[in-house]
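Take a look at the structure below.
The values are calculated or read from the model by the stated rules, or taken from the named source; none is laboratory data. Since this is a predicted model, take the numbers as computed values, not measurements. Quick reminder, even Gly has a Cβ in these numbers, built from the backbone with ideal geometry, and neighbours come from all protein chains shown.
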Amino acid sequence: MSAGSGGGSAGSGNGRSGNGHQVMLRLKLRIWRQAGPDEPGGFLDVDAEGIPADCSFLEMLDIVNERLITDDIEPITFAHDCREGICGTCGVMINGRPHGPEKATATCQLHMRKFRDGDEITIEPFRAASFPVVKDLMVDRRAFDRIIESGGFISAPTGTAPDANEIPVPKDVADFAMDAAACIGCGACVAACPNSAAQLFTAAKLGHLNVLPQGQPERWRRAEAMVETMESFFGSCTNHGECTEACPKEISLDFIAVLNRDYLKAKVKNRRLASQT
Amino acid sequence: MAQTVAPPEAAERVPPLRRRQRQLPWPLNIYQTAVGKKYVMAVTGVGLLGFVIVHMIGNLHLYEGPSQINEYAEALRDLGGHLVPRTLILWVMRIGLIAMFGLHIHSAWSLKEISRRSSPKANWVSGNKRYPGGQDYVAVNFASRTMRWTGPIIGLYVLFHLADLTWGWWLGGDYIRGDVYHNVVESLSSIPVAIIYIVANVALSVHIYHGMWSAFQTLGVNNPRFNHLRRGLATVIAGAILVGNLSFPIMVQAGLVA
Ligand code: HEM
Ligand code: SF4
Ligand code: FES
């Protein structure tokens, strides 16, 4: 078995093996299995021995899958892509928390050294009515794409490349927009929310354009369209704050307040007078 | 016009849970949306909070003795003096309160339903979803999780309170119209009644503890300069209302107001 045991980093960083030997964990996994969107699901118990402490959570699942294949059992389906915390494809509930126990960490960036030998780990898919399970741990998050699409376009001149610094953006504003733009669209906020609300995701997407000069021409149209699309798929925010805690990018609740403010303004403004459509 | 085109069947694989309704004329169209309803809930919640604070402070006249509290009650009925018919202003305020309660409850109910339908295995009352493997909460607190329980408790309590002290349903012969001091002492000296008042007012303060903080977010009152004060303010106000309102049944039961 070679998968996931990237030998080079053995023993480094976890302090549990001074002599260069790979620390191995034995884990009791409870993994959600579900054949399709409308099939009933249930937990599969897996006794996973010899999991290297230095592998990531997804690599741990890879190892489990290889063993399942050897035993002629269908491997567990889970979504993943970049495995470096930037694409937002991965994401499962780990012991009742989206992306697991570590703050500001996506599932692919979570390392098994954060668990202890003998730990029981429950793994299930993100849940919301608009995130139907495709199979096992993989959910369909295209409802997020609908929200993004409804945001539409921004107006920007397309000729030759504009001069750098032609549009002045104060540093604080650029930072604020950048904090919002850090959202990777993983859906952990919806998974964490008892109401299955998508306020944090939508607020991040609105926030990063709405505060920048380049985002102004369509600001109010965008706020209205994205919020209303969000509402047609997801629940209603009650300001629990669970989303920020689950978010691998620590998107702040402040953006939700900005979303609320922009949405009401959009509903009240005479956009022709403001020369903004 | 640029348009995003998705293959129709692919776009519909995850259909919206709610189709868009025909828009009512402005400003009613704002109330058709969830964020709009949430605004109405926050504005009426803050309005009701104002009432709760004034009502609690007004009731402190109880500690000045029978003539003062009865005079205060009379002054409420006589607001506006000879310029307006007696109790007119009181009735305007009462109608405003009833409207605020109605809107607050309607928006709360509708939003709960939106969340319930968006959440698998949702609890019917709270509308909150459940994970078969259990969820490990980090940020929610008792108050935020019980808003949809404390709310109805307050609603039922308001009806009880009106029947008790405004309409005098069960005090019967002991109810004297206009003698507020007498009625309050008569009612609260019964242990079951005192317990109802205590439980309901704890629920009210718990509701306000989350509600007030939540309202800041909903109304977009968010500024890094004072954000750190919002929780504290909600705690102080909920605490002051708790102490003030609980003092009445406790003082009567203790025999300090008789
Ligand atoms: C005098 C009494 C009341 C006061 C002062 C009050 C105050 C508030 C405030 C300030 C909010 C926050 C709004 C927001 O989240 O933006 C709120 C939310 C709420 N209220 Fe009330 N309310 C009262 C009575 C009621 C009643 C009678 C009900 C229901 C029957 C109710 C149900 C709710 C619910 C379900 C929420 C939403 C909670 C959430 O968003 O997490 N409230 N209330
Ligand atoms: S706001 Fe955070 S939790 Fe939500 S989709 Fe974006 S990155 Fe994921
Ligand atoms: S796989 Fe890309 S963020 Fe985890």
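Selection of region A:73-111 for residues being polar (S, T, N, Q), away from ligand 2 (no atom under 14 Å from the Cβ) and within 14 Å of chain B (Cβ to nearest Cβ) yields only A:95.
Selection of helices (runs of 4 or more DSSP H) fully inside region B:80-195 by the criterion of at least 2 residues being farther than 23 Å from residue B:207 by Cα and of a type in the set (A, V, I, L, M) returns B:88-118, B:180-188.
Among the residues making up region B:116-129, a single one is more than 7 Å from chain A (Cβ to nearest Cβ) and at pLDDT 95 or above: B:116. Of the residues examined, residue A:205 is not one that is without any contact (Cβ under 8 Å) to a residue 24 or more places away in the chain, more than 9 Å from chain B (Cβ to nearest Cβ) and away from ligand 1 (no atom under 16 Å from the Cβ). The requirement of being in contact with a Ser or Thr (Cβ under 9 Å, 6 or more places away or on another chain) and more than 14 Å from ligand 1 (Cβ to nearest atom) is fulfilled nowhere in region B:36-57; no residue meets it. A single member of A:146, A:142 is within 14 Å of chain B (Cβ to nearest Cβ), farther than 24 Å from residue A:33 by Cα and surrounded by fewer than 22 Cβ atoms within 10 Å (Cβ to Cβ), and it is A:146. None of A:195, A:210 is closer than 29 Å to residue B:132 by Cβ and within 16 Å of ligand 2 (Cβ to nearest atom) except A:195. When restricted to residues that are farther than 29 Å from residue A:165 by Cβ, in a helix (DSSP H, G or I) and not aliphatic (A, V, I, L, M), region A:204-256 contains 10. When residues in region A:24-45 are screened for being among the hydrophobic types (A, V, I, L, M, F, W, C), surrounded by fewer than 18 Cβ atoms within 10 Å (Cβ to Cβ) and outside any loop (DSSP other than H, G, I, E, B), 3 of them pass.
For every residue, the table says whether it meets (1) farther than 27 Å from residue B:108 by Cβ; (2) away from ligand 3 (no atom under 16 Å from the Cβ); (3) free of Cβ contacts under 8 Å to residues at least 12 places away in the same chain.
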position	(1), (2), (3)
A:181	yes, no, no
A:217	yes, yes, no
A:241	no, yes, no
A:244	no, yes, no
